[in-house]
1. What's the total number of residues in the range 104-150 that are within 16 Å of the chain's Cα centre (by Cα) and assigned to a loop (DSSP other than H, G, I, E, B)?
2. Could you go through the range 148-161 and let me know if any residue there is in contact with a Ser or Thr (Cβ under 8 Å, 6 or more places away or on another chain) and within 29 Å of residue 17 (Cβ to Cβ).
3. Name the pairs whose Cβ atoms lie under 8 Å apart, with the first residue in the range 202-225 and open to solvent by less than 40 Å² (accessible area, probe 1.4 Å) and in a helix (DSSP H, G or I), the second modelled with pLDDT under 85 and hydroxyl-bearing (Ser, Thr, Tyr), and 6 or more positions between them or separate chains?
4. Exactly one condition in (1) more than 28 Å from residue 142 (Cβ to Cβ); (2) modelled with pLDDT of 90 or more is not met by residue 200; state its number.
5. Say we look at the range 151-170 and pick out the residues that are assigned to a loop (DSSP other than H, G, I, E, B) and in contact with an Asp or Glu (Cβ under 7 Å, 6 or more places away or on another chain); which of these is surrounded by the fewest Cβ atoms within 10 Å (Cβ to Cβ)?
6. Looking at 65, 14 in this structure, which one is under 19 Å from the mean Cα position of the chain (by Cα) and at pLDDT below 95?
7. Which one of these does residue 130 not meet: (1) modelled with pLDDT of 95 or more; (2) surrounded by fewer than 24 Cβ atoms within 10 Å (Cβ to Cβ)?
8. Can you name the condition, by its number, that residue 241 falls short on among (1) at pLDDT below 90; (2) part of a helix (DSSP H, G or I); (3) touching a Ser or Thr at 6+ places or on another chain (Cβ under 9 Å)?
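The values are calculated or read from the model by the stated rules, or taken from the named source; none is laboratory data. Keep in mind the model is a prediction, meaning the values are calculated, not measured. Positions of Cβ are backbone-derived with ideal geometry, glycine not excepted, and every protein chain shown enters the neighbour counts. Just the protein is used for accessible areas: all its heavy atoms, side chains included, with ligands, DNA and RNA removed. Shrake-Rupley method; radii C 1.70, N 1.55, O 1.52, S 1.80 Å.
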Amino acid sequence: MCNIPWLDRICRESYNDPRAVYETLKRRGMDLVTVTDHDSIDAAEELRRYPDFFLSEEVTCITTSGTEIHVGAYGIEERHHVELQRRRKDVPALAAYLREQNIFFSINHVFSSLTGRRTDQDFQLFEREFPALETRNGQIPRANNRSAEKLAEDWGKAVVAGSDAHTLSSLGLTSTDVAGARDIPDFLRALRHGRAQACGVSGDYATLTRAIVEIGLRLVGEHKWTIALAPLLLAVPLVMLGNYGCEIAFNHRWSRRMIGLAGASEAPAAQFEPSPTSTSLS
């Protein structure tokens, strides 16, 4: 469910059917498919039958400074889900568990205001605990993604990319590519060794506005009585313009503060190569 007060009782973040997600991604050229739902692995129920699908999750975590972050965990098993949720309010413990289980993980959209405020301590945590940064997100502005890419370069972190698509229209337009990966284990090993390349589009005002309108229309389709709220859709372009401005301002503030000040990291530097093999981290 969405996290907007009152709407969180009736409106979902996504109305996508898992099989429609899979079929759309295959039509758009993905060799491998994963789904990173927020704090959920329900997509596995329908998609586990496909040999080119692997399970992932985006874990909503709370840092010691009280801020919210999104952590991507890739190639998990269902038994891991319970442990990830149990540790989500203790990020160092979560990171230690992921390393112990040899699960590749990333900090997502570090220069986005999506999850609220940031602190200097958050960025210290990101540098210390995370082997990878999401450097291309299909729903946030190009400038924000470029800042994440530069920070990953400064820190010597591996990279991932994902469409972050809550509707079918933008699925698979952003992807993580690995040159020559033969199968899922090979792909995940390459991620751990920093041999992935972030590919595809970033978000823009039109993409975000379209997604919100599509979700609103699906809400009305599911709960007919909410048609009374339909006039509110007319305000979406203005609201999203304000949101887009907040994203740009957030990136401007934190990229100026963090990029160029990064310390040395023990994480392996990412190595980029031309890539025929891809997946969608969506």
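1. Residues meeting the conditions: 11.
2. Yes.
3. Within 8 Å, the pairs are 219/226; 220/226.
4. (1)
5. Step by step, filter the range 151-170, then rank; the result is 167.
6. Only one candidate qualifies: 14.
7. Of (1) modelled with pLDDT of 95 or more; (2) surrounded by fewer than 24 Cβ atoms within 10 Å (Cβ to Cβ), only one is false for residue 130: (2).
8. Single failed check for residue 241: (1).
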